[in-house]
Amino acid sequence: MDYKIENLTKEEAIYIGKKINDIVPREVDADEEEFVLKVENENGEIIGGCVAEAYEYHWSRVLLEDLWVDERYRHQGIGSMIIREVERITRGKGCRVVTLGTASYMARPFYEKHGYQVFTSMKAANGYIDYSLVKYLDRDTPDYMPTDNSGAKYKVLPGNDDDADVILNGIRTYSEAYEEKCERDDFCKKLVNKDGKFAAGVIANVNKGYEGFVTALFVEEPLRHQGLGTYLLQEVEKLAKENNTFVVLTSAGDWNVDFFKKTAICSEVNSKMFPKDTTVTSSTRLSEAKQKKIIPDCRFIPQLTV
Ligand SMILES: CC(C)(COP(=O)(O)OP(=O)(O)OC[C@H]1O[C@@H](n2cnc3c(N)ncnc32)[C@H](O)[C@@H]1OP(=O)(O)O)[C@@H](O)C(=O)NCCC(=O)NCCS
């Protein structure tokens with residue numbers, strides 16, 4: 001191959017991000033809208049809240065990103081009030097799907113009480129299990145009322161960016177106790193031709209012993225279909241295998257998923273989320289030697305139709 005592999009510069013990483021944004025169909029990233037909800041105590045201090053994102057084409061799906069209740073106020077129904085309000089707002093926008101991620105040390109049973117169902121699970125870098133859950137609001141799920149509902153005396157209010165910082169800080173502090181125990185290697189590389197000109201680049205990371213993730217892979221248009229993308233992907237996999245990492249994930253759309261599927265050994269999670277029948281797919285590539293090990297930790301339901 002007439003190309004050399006070198007480290008990406010920060011400017012080149014930004015360039016790749018921009019090029020990829022140009023490729024993604026417009027409707028996919030249009031109309032992202034974040035909303036923040038908060039609960040305050042008698043002194044006006046924030047004791048709980050959430051940050052949610054209504055995204056991808058006119059509220060086709062709401063992603064509940066962070067939900068947090070101050071430790072002193074937990075198990076009084078406040079988290080439940082917040083989640084009911086998220087669902088009320090979501091319904092009001094004509095949207096019927098809420099998705100979220102949680103981990104085994106967090107709150108899976110709490111969400112299941114509210115009718116959320118796990119659609120993927122995977123052992124995470126810190127040794128816990130990450131779950132993705134979904135709730136279809138137009139399906140018959142009885143409202144869940146917590147045993148202790150004494151927090152109902154507080155109100156769920158709209159919040160702003162400053163409130164979001166308090167909420168995110170609450171979650172961060174909580175999660176610190178479960179910090180990653182693994183080492184992480186970033187893999188940000190480019191291929192340059194013999195004149196040193198940028199030809200292709202990849203932004204990825206490998207959590208040693210757990211999973212790798214390909215954030216971005218880009219080949220300059222005139223140089224496509226010559227194996228440069230495959231070469232970079234294989235370099236990521238090589239690094240992953242050297243580090244005893246059993247799975248490499250990426251996220252792809254209809255417009256590029258076939259490329260990843262060509263060499264994927266294992267499964268994919270299809271989530272039909274957008275209009276025009278676009279399918280979003282996470283391709284999962286496993287090293288064969290580790291396949292047996294991963295299967296018990298990793299559950300895929302092939303089609304999440306939203
Ligand atoms: C998860 C959280 C938001 C729930 O808020 P909350 O106000 O304590 O929840 P509620 O009082 O409305 O609880 C409703 C029910 O879920 C249960 N529950 C709440 N949190 C739970 C948890 N982490 N694990 C298991 N069950 C939980 C409650 O015991 C209650 O059950 P019951 O009615 O059978 O007694 C809160 O515990 C929290 O902030 N945890 C730390 C951060 C976190 O994990 N956030 C979620 C990130 S994905």
### Query
Fully extended, how many nm does the chain gain between ASP185 and LYS19 (0.36 nm per residue separation, minus their Cα-Cα distance)?
57.3 nm
### Summary
Hydrodynamic radius by Kirkwood for the stretch 146-270, inverse mean 1/r across distinct Cα pairs, in Å, is 18.1
### Query
With labels modelled as points extended 7 Å from the Cα through the Cβ direction, what inter-label distance (nm, one decimal) is found for TYR136 paired with VAL118?
2.0
### Message
From the P(r) of the stretch 31-176, could you give the percentage of C-alpha pairs in the tail past 18 Å?
### Response
56
### Length-normalised contact order for the stretch 31-176 - Cα pairs under 8 Å, 6+ apart - percent
30
### Cβ-based exposure ranking for LYS18, LYS113, in which fewest neighbours within 10 Å come first
LYS18, LYS113
### Message
Could you list TYR128, TYR3 so that the one with the fewest beta carbons within 10 Å of its beta carbon is first and the one with the most is last?
### Response
TYR128, TYR3
### Task
Counting other beta carbons within 10 Å of each Cβ, put TYR105, TYR131 in order, fewest first.
TYR105, TYR131
## Note on the structure
Expressed as a whole-number percentage, the relative contact order of the stretch 40-114 with C-alpha contacts under 8 angstrom and at least six residues apart is 29
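Computed from the coordinates by the stated procedures, all read-outs in this text should not be read as laboratory data. Nothing here was measured: the structure is a model prediction, and the numbers come from that model. Using ideal geometry, Cβ is built from the backbone for each residue, glycine included, and neighbour counts are taken over all protein chains shown.
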